[in-house]
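Written below as structure tokens is the structure these notes are about.
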Amino acid sequence: RYPAPEILAITPPSGFNNGTQFITNLSGSGFLPNATVRLTRINQSDIVATGVTVVNSGRITCLVDLSGRETGPWNVVVSNTDSQYGIRTNAFTIENPYPTVSSITPSRGANNTAVLNCSVTGTGFLEGASVHLTKAGAAPITATSVNVESPAKIACTFNLTGREPGRWNVVVVNYDQKSGALGSGFEITQPQPVPEFTAEPIFGTAPLTVRFIDQSTNSPSLWLWNFGDGTTVAGLDQQNPV
């Protein structure tokens, strides 16, 4: 009899359960022409390889369809045509794919907003995922009330109070610590200015020179004054017009 096949290693040793993985090198000894390859796991149906090529007695290449299969370690089995087989336990690992982030709605919010409800879309979101806003040199903003509505959508809430204005990355981290990000996908802005002013004097006989003093909050940078008589002034230097 020919000796039973022996499996030494499999390359790559893992694959994602959202597609087909090409096995470039199933190495060992005793592989005969027309040998078959399969992945096995207790309480799971076998994954039978296709496109099996016995390159030589020590190497096989093949394809395994991992779509929707259970994550974790699987056994690798090579069976020769004489019914002898070799098995390497827990030699291949099926993993969830990395999540991707495609958008966030709304994509901006003011830094005086304590509760901003957002919707994050993408792929590969798993139950128990977390959502964060990150920016170099700043502490991350972690979302609360995270609800993974589907593998393509997450609802969550951010507290932006007092956080640094600018562009932030949107990051989703699954429970297995795989993460995906949308670079500069969210913008934190200054809150809208609240107009307020005083005038001196507030009455008099025409022609009358009046100085207007801007007291608007939230740091405006551009002013447009409409004096109600058809006269307007506007500009970066028109904070306190006369």
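The values are calculated or read from the model by the stated rules, or taken from the named source; none is laboratory data. Just so it is clear, the model here is predicted, and its values are computed rather than measured. Cβ sites come from the backbone with ideal geometry, for glycine too, and all protein chains shown count toward neighbours. What goes into the accessible areas is simple: the full protein's heavy atoms, side chains included, and nothing from ligands, DNA or RNA. Shrake-Rupley method; radii C 1.70, N 1.55, O 1.52, S 1.80 Å.
For this structure, a couple of remarks:
- The chain - percent of accessible surface contributed by carbon and sulfur, probe 1.4 Å: 52
- Mean separation of Cα contacts under 8 Å, 6 or more apart, over the residue count of the chain: relative contact order %: 14
- Build a GNM of the chain with springs between Cα atoms under 10 Å apart, and of Asp214, Asp176, Asp46 the one that fluctuates most is Asp214.
- Rolling a 1.4 angstrom probe over the protein heavy atoms with all chains in place gives the chain an accessible area of 56 Å² per residue.
- Most mobile of Ile202, Ile23, Ile141 in a GNM of the chain (Cα contacts under 10 Å): Ile202
- Cα coordinate range in region 110-242, projected on the principal axes (Å, largest first): 75, 28, 20
- Overall, the ratio between the Cα radius of gyration of region 2-61 and 2.2 N^0.38 Å, rounded to two decimals, is 1.14.
- Extension gain for the segment Leu208 to Thr40, taken as residue separation times 0.36 nm less the Cα-Cα distance, is 51.2 nm to one decimal.
- Taking the Cα centre of region 38-180 as origin and assigning +1 to Lys and Arg Cβ atoms and -1 to Asp and Glu Cβ atoms, the resulting dipole is close to 380 debye.
- The charge dipole of the chain, taken about its Cα centre with unit charges on the Cβ atoms of Lys, Arg (+1), Asp and Glu (-1) only, comes to about 820 debye.
- Relative intensity, log₁₀ I(q)/I(0), of region 17-157 from a Debye sum that treats every alpha carbon as a point, q = 0.20 Å⁻¹: -1.11
- Between the labelled values [x] 255; [y] 144; [z] 172, the entry that holds volume of the Cα convex hull per residue in Å³ as derived from this structure is [z].
- Annotation: the antiparallel percentage among DSSP beta bridges lying fully within the chain is about 90.
- Which of Ser119, Thr61, Pro99, positive extreme of dipole for region 47-170 (C-beta unit charges): Ser119
- Max mean-square fluctuation residue, GNM over the chain, Cα-Cα springs under 10 Å, options Pro220, Pro73, Pro151: Pro220
- Relative contact order %, region 127-242, counting alpha carbon pairs below 8 Å whose residues are six or more apart: 17
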